[in-house]
Structure formats: structure tokens, C-alpha cells
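Inspection log for the structure reproduced underneath, given as C-alpha cells.
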Amino acid sequence: MTNQTTNVLSLSALELHQAIQSGQTSAVSVVDATYAQIEAHEAKVGAFLSLTKDLAYEFASDVDNKVRQGETLPLLAGVPIAVKDNISVQGAKVTCGSKILETYVAPYDATVVKHLKNRGMPIIGKTNLDEFAMGSSTENSAFQLTHNPWDLNKVPGGSSGGSAACVSAGMVSLSLGSDTGGSVRQPASLCGLVGLKPTYGLVSRFGLVAYASSLDQISPFGRTVADIGALLDVISGHDGNDMTSATFKPEMGYLNSTNPEALPQHLGGKKLRVGIIAELNGEGMDASVQQSFQQAVKIFEAQGAEVVTLSIGGIREMMAAYYIIAPAEASSNLARFDGIRYGVRTKEKVENVYDLFRKNRSEGFGAEVKRRILLGTFALSSGYYDAYYGKAQAARRLLVAEFDKAWQQVDVLICPTSPTTAFDIGAKTDDPITMYLSDVATIPVNLAGIPALSLPCGFDANNLPIGLQIMAPKFAETTLLGVASLFESAVGLKNLIPSTFS
């Protein structure tokens with residue numbers, strides 16, 4: 001690759017957009033550089049399941065035409081973006097990383113994809129994921145492994161591992177994933193990125209293949225907080241196609257809120273109050289993660305924040321509630337994948353329609369998806385609904401109340417995003433419980449419906465990134481982004497790309 005290509009791809013999304021608008025580079029040349037980077041490194045990273053070159057060049061050419069005509073481009077126009085392969089892009093495959101949808105082509109665009117296209121953002125391709133977004137390492141994909149660009153022997157996290165890896169490897173500066181229990185924040189932590197899980201309902205779920213409908217949220221990856229704010233401006237907004245879509249709009253744009261100088265406005269002129277969750281501080285955390293977290297606390301104190309430790313009752317027990325609620329919703333949502341109307345159908349001889357269903361789903365679904373369908377079906381079955389699903393929902397309501405009490409004392413809450421840095425490929429595949437514990441700090445956010453962001457806060461002895469999770473009240477993304485930007489400016493870790501890929 002040429003130095004010119006490397007320089008273009010090392011820019012942040014906002015810098016890249018400005019370079020295209022000013023004519024310093026063209027959108028087509030940026031797409032050229034993007035596919036050159038993918039060609040050079042994809043074989044060892046495994047981030048993409050398919051590429052959408054015709055679509056990308058179509059939108060890049062249109063952006064360049066607008067620049068030549070002297071038009072002012074929409075925010076992020078010309079900036080390439082990758083999309084997780086459980087989000088529909090019309091005319092492209094949407095496999096969800098599953099054999100049962102291996103041949104399925106989306107007949108329509110997800111609402112977020114329409115937003116991307118309306119802004120003139122070239123969609124580069126569809127990224128790898130744990131099958132139906134069920135996993136924490138992207139090892140459950142039916143098609144390929146994805147490797148962490150910081151160490152190719154490590155996992156990138158999951159389920160949005162492909163979306164994280166392609167940004168981390170300098171292929172694109174932005175991508176979309178989905179976050180049901182940490183599937184964007186955990187890989188952001190493991191890959192040295194910024195990943196935001198918005199408030200439930202802030203971003204439309206229309207066109208996202210559902211895993212757990214009350215928990216799923218389409219979520220952005222980037223390498224800077226400002227880039228995340230800009231992308232949130234693009235993809236958020238009310239959508240009549242999603243009955244859970246919120247009508248909330250911030251007084252200022254999300255990009256504008258990433259200016260640390262605007263933070264006092266978000267806080268009503270008061271001193272920033274930062275809460276440490278006692279239950280997620282120390283126990284079960286790697287020593288390097290805990291050390292980096294303590295340094296993060298000191299950075300907030302040095303910035304003048306008031307830091308207090310408080311308790312969120314039952315937060316560690318939310319793992320149990322999540323693994324009843326999410327599989328229960330999955331067992332309902334995934335009932336539609338039967339191989340009859342679309343998707344892959346068994347080639348074996350069948351005796352009747354029930355035999356056809358059984359063989360289609362046995363062959364089409366992987367082990368982890370089958371495990372969660374069975375768990376969910378059991379939890380919803382007659383005689384067990386109240387004992388399991390009903391109690392899990394009650395625990396969820398108590399968690400929401402606990403967070404509401406916390407917001408009376410602090411503006412944001414912080415904790416390590418993941419208890420460990422990236423682990424070896426294959427290290428946890430035979431131990432589902434240990435794998436599930438990777439999301440102990442991220443799952444409560446989805447259950448409560450609040451926004452949370454992970455951003456880099458340090459490295460371990462092996463130069464693997466460590467992430468800090470910041471949480472805020474519902475629809476307080478402006479505060480969340482302002483606090484994250486304040487921390488990012490103080491710690492000095494932004495726009496990170498491993499040297500091998502830069």
C-alpha cells in the first residue's frame with residue numbers, strides 16, 4: 001500500500017469527511033483505498049462476510065459529483081462504513097452468520113441504512129458476527145473466524161466482532177453493530193475502539209433481524225468520541241416502522257455535545273458527579289483491567305469531578321435474569337426461521353412437515369443458538385413461566401429502580417467494560433458460563449434500557465486494549481458523549497490502529 005492510502009485511512013471519520021468536502025481527496029479514491037486495505041489484510045482478519053462494491057462506488061461517485069458542483073455535503077457524506085450482517089441492506093445478503101440464512105438476500109433497507117444512504121455514506125460490506133448475535137467472541141459464526149487486529153491469535157469480542165475488527169484494522173473508520181447484552185461495547189473494549197449502546201428506542205430497529213426485541217439496539221463503532229457523536233446524529237430519530245422508536249431529540253446535536261467545553265451546559269452548570277459501581281469494581285477483574293480503571297478514576301478526579309462509590313443492588317445477579325429473558329425472546333423470534341418460506345432447506349428425505357421443520361432447524365442452527373432456543377422455550381413453558389420468566393422480569397424492574405436511585409446521586413456511572421482483555425481463540429468455547437461472564441458489566445445496561453459507551457483507557461502488559469464503560473440516564477447521550485470526550489482528551493487515547501495495519 002502507498003503512504004497516501006495509509007494516510008487517508010488513518011484519518012478519523014470527521015477528518016475524512018472534511019478532506020472530501022474540501023477536495024483534498026475524493027470519495028471514490030477513499031473507497032479505492034478502503035478496498036485495497038481490505039484486500040491486503042482481510043485474509044488474516046476475517047472481518048467481512050460479503051462486500052458491496054457496486055453500492056459503495058455508486059454513492060462515492062455521487063458524492064464526488066456534488067463536490068464538483070460546489071454543494072455542501074451532508075454530515076459524514078463520502079465516509080465509508082461497514083454494516084453488521086444482521087442489518088438489512090437491500091440487494092445484499094443478510095445471513096446473521098447462520099447457515100439457515102446463507103442464501104437470503106434482503107428485499108429492503110433497514111431504517112439506519114436508509115439514513116446512511118441519504119447522507120451519501122458508501123456501504124463497504126457486511127461484517128461477520130456470532131450466529132444471530134448470540135455470543136461474546138464471534139467464534140459462533142457458521143462461516144469463519146474473526147481475529148483481533150491487536151493480536152491475531154485473540155478474539156475480537158462479540159457478537160459484533162467483524163464490525164469491530166474492520167474499524168480496528170484501519171479498513172473503515174466507522175461501522176454499525178447491534179448490542180443486546182454488550183455486543184458492541186465488549187468488542188470495542190477488546191479492539192481499542194469507541195462503541196456506544198444508545199438508549200433503547202433512540203435508534204430504529206426496523207430492518208435489524210431480532211434476537212431479543214426488548215434488548216436489541218443498533219449501535220455504532222468508531223475510533224473517536226466525536227465520530228460516534230456524528231454517526232449518532234445520522235442514524236438516530238423517530239421511525240414509524242418501529243413501534244418502540246422514541247420521539248426524543250436533544251437540544252443540541254450529538255456531535256456538538258462531544259465538545260468537552262459544552263459539558264457544563266449538559267450538567268446545568270454543576271460539578272460533574274461520577275459514580276463507581278461497588279459491585280463491578282475489583283471482583284473477577286484482571287489485575288491490569290483493575291489498574292487501568294483506577295487510573296481512569298484518578299483522571300476524572302484530576303478533571304475536577306466528584307467521584308463517589310455507590311451500590312446498584314442485584315447488578316451482578318442480572319446475568320441470570322438476562323439468560324432467561326434474552327433466550328425466551330429468542331425462542332419466539334427465531335421461530336420464523338423454518339426453511340419453508342426463505343433460507344436453506346434440508347436436502348434429506350422428510351416424512352412430513354414436522355420432520356421438515358426439525359431437519360431444517362437442526363441443520364441450519366449452530367450449537368449456541370440451539371442452546372438458547374431450548375433455554376428460552378423451557379423458561380416460557382407451562383408451569384415454568386412464573387418461576388423463571390416472571391421472576392426475571394421482576395428482577396429487571398428492580399434493576400431499573402436501582403439505576404433511577406443512582407441518577408439522583410451522580411451524573412454518570414463508570415466501571416471496566418470487560419473483566420479481561422482479549423482472550424485466546426478457543427479458550428472459552430467449551431465453557432459457556434465463563435464466556436457469558438465476559439458481559440457481566442454490560443448486560444445490566446440493556447436490561448435497564450440506558451445508554452452506555454466504551455472507550456479506551458489503557459493497555460495490558462501484552463499491549464492489548466482495555467476499555468472503560470460510562471453509563472448515563474435514559475436519553476442523556478449528550479451528557480454521556482461530553483463526559484467521554486472529556487476523558488478521551490485527558491487520557492490521550494483516540495483514533496487507535498495497531499501498527500501492523502496503519
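The values are calculated or read from the model by the stated rules, or taken from the named source; none is laboratory data. The model shown is predicted, which means the values in this text are computed figures rather than measured ones. Please note: Cβ atoms are built from the backbone with ideal geometry, for glycine as well, and neighbour counts cover all protein chains shown.
Details
- Taking the range 140-153 as the range and being in a loop (DSSP other than H, G, I, E, B) and either among the basic types (Lys, Arg) or under 16 Å from the mean Cα position of the chain (by Cα) (or both) as the test, only Thr146 passes.
- Odd one out for Val89 among (1) under 22 Å from Phe337 (Cα atoms); (2) without any contact (Cβ under 8 Å) to a residue 40 or more places away in the chain; (3) more than 22 Å from the chain's Cα centre (by Cα): (3)
- The one condition in (1) outside any loop (DSSP other than H, G, I, E, B); (2) touching a residue at least 24 places away in the same chain (Cβ under 8 Å) that Ser29 fails to fulfil: (2)
- Residues that are of a type outside the set (Ser, Thr, Tyr), more than 25 Å from Gly158 (Cα to Cα), touching a residue at least 24 places away in the same chain (Cβ under 8 Å) and in a loop (DSSP other than H, G, I, E, B) do occur in the range 391-409.
- Candidates Gly343, Gly383, Gly376, Gly313 - the one that is buried (at least 18 other Cβ atoms within 10 Å of the Cβ) and outside any helix (DSSP H, G or I): Gly343
- Condition met for Met252 (modelled with pLDDT under 95, within 28 Å of Pro419 (Cα to Cα), aliphatic (A, V, I, L, M) and assigned to a loop (DSSP other than H, G, I, E, B)): no
- Among the criteria (1) under 17 Å from Arg361 (Cα atoms); (2) out of contact with any Phe, Trp or Tyr (no Cβ under 9 Å at 6 or more places or on another chain); (3) not in a helix (DSSP H, G or I), the one Gly304 does not fulfil is (1).
- Flag for Ala133 being crowded, with 24+ Cβ neighbours inside 10 Å and in contact with a Phe, Trp or Tyr (Cβ under 7 Å, 6 or more places away or on another chain): yes
- Among the residues of the range 49-89, the ones that are at positive phi and of a type in the set (Gly, Ala, Ser) come to 2 in all.
- Single residue of Glu15, Glu102, Glu39 found to be among the charged types (D, E, K, R), out of contact with any Phe, Trp or Tyr (no Cβ under 9 Å at 6 or more places or on another chain) and over 16 Å from Asp227 (Cβ atoms): Glu39
- Of the residues making up the range 40-56, those that are assigned to a helix (DSSP H, G or I) and either of a type in the set (Val, Ile, Thr) or closer than 16 Å to Val8 by Cα (or both) are Ala40, Val45.
- Selection of the range 225-248 for residues being farther than 20 Å from Gly207 by Cβ and surrounded by fewer than 23 Cβ atoms within 10 Å (Cβ to Cβ) yields only Phe248.
- Looking only at residues in the range 114-150 that are out of contact with any strand residue (DSSP E or B) (no Cβ under 9 Å at 6 or more places or on another chain) and among the aliphatic types (A, V, I, L, M), the one that is farthest from Ser332 (Cα to Cα) is Leu145.
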